[in-house]
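Structure first, commentary second.
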Amino acid sequence: MKKNIIALIIIIIISGIAAAGIYFYKQKTVPPPASHTAHEEAKEELQTQTEEAEETPLVEISPEKQQMIGVKTAVVDFQPLQKIIRTVGRVEYDERRITTITTHIEGWIDKLFVNYTGRYVKKGEPLLSIYSHELISTQEEYLIAYKWRQKQSGTALEESAVSLLNAARKRLYVWDISDKQIEEIEKLGRPVKALIIYSPVEGYVSEKTAFEGMMVKAGEPLFKIADLSNLWIIADIYEYELPFVKPGDASRIALSYLPGREFSSKIDYIYPLLSAETRTAKVRFSIPNTGAQLMPQMFTGIEIK
């Protein structure tokens, strides 16, 4: 009986060991789950594509084609970011170079030597002549003092005669009569019928209000003469762009009238007024007019950095 029990126990132990061995063997040979396999395959494929992309460029352009389409290369560098403002402007007269011609006497325009706008005049060129009763009376007084001064030369009254002559000369200066014109009056020995007004500057007639036979009053403007050797360019800047501009900012100026030509300038002045309609402020550039290439009222393109 004992032998049978021992044999049964041995059989049970052997069976357990065999079952455990079979179980562990199956665990080793079971394939991984399908989802895990797909994930690993996708990962390997992505890695392969990445390596291929790194090895092979996406687009290849031959040097010949690069030259044809204008491809340029540059060394990578660190530079400060710049805001570029583009606007349009208009060429204007430099107000500091405009001379207004007036007369200091009241009278009538006897002769007009410059009779149209746009005409170029030289410094010292006659513009017009004016006839005036007051001018003739003042000349007569001067001639009397001049002749009396000559008679009293070397006498006790010479000093008084000189003082009287100087006072008469000053009255002629008030009428804007030059020393050269006074010398002509002395040579003639009689009053000059009409006073010639000469241009004090060189430039172009931008405005003309004088006509022959016209009566003029003292201080009335007759001509405006503009020196075009230097001009202004006035541009509009939007309100939201104003914080990015300041006097001294560099700019490039181009005109359709001169294709391919650019002018360099800087902001000269920012006007302290804002247009309520356009919400813009005006900025000014000063530019030399070399070769008289620029004319007032021309439009320009402007790039401010």
Ascending count of other beta-carbon atoms within 10 Å, so fewest first, for Y198, Y142: Y198, Y142
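Over 21 Å, how big is the tail of the calculated P(r) for the range 80-219, in percent of all Cα pairs?
Details: 5383 of 9730 pairs.
Tail of the P(r) past 21 Å holds 55 percent of the pairs.
If you stretched the chain out fully between A276 and T99, how much longer would it get, using 0.36 nm times the residue separation minus the C-alpha to C-alpha distance?
This chain segment gains 60.5 nm when fully extended.
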Taking 0.36 nm per residue of sequence separation and subtracting the Cα-Cα distance, how much length would be gained by fully extending the chain between E92 and E134, in nm to one decimal? 11.1 nm
So what's the range 167-305 giving for Rg/Rh, alpha carbon basis, Kirkwood Rh from the mean inverse pair distance? 1.18
Derived scalar couplings ³J(HN,Hα) [the range 251-262; Karplus, 6.51 cos²θ - 1.76 cosθ + 1.60; whole Hz; x for Gly, Pro]: 8, 10, 10, 10, 10, 5, 5, 10, x, x, 9, 10
Two pseudo-spin positions, 7 Å from Cα along C-beta at D77 and at T117, lie apart in nanometres by 5.0 nm
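Read-outs throughout are calculated quantities, based only on the coordinates presented, and are distinct from any laboratory measurement. Computed from a prediction, not measured in an experiment: that's the story for all the values here. Here Cβ is always computed from backbone atoms with ideal geometry, including for glycine, and neighbour counts include all displayed protein chains.
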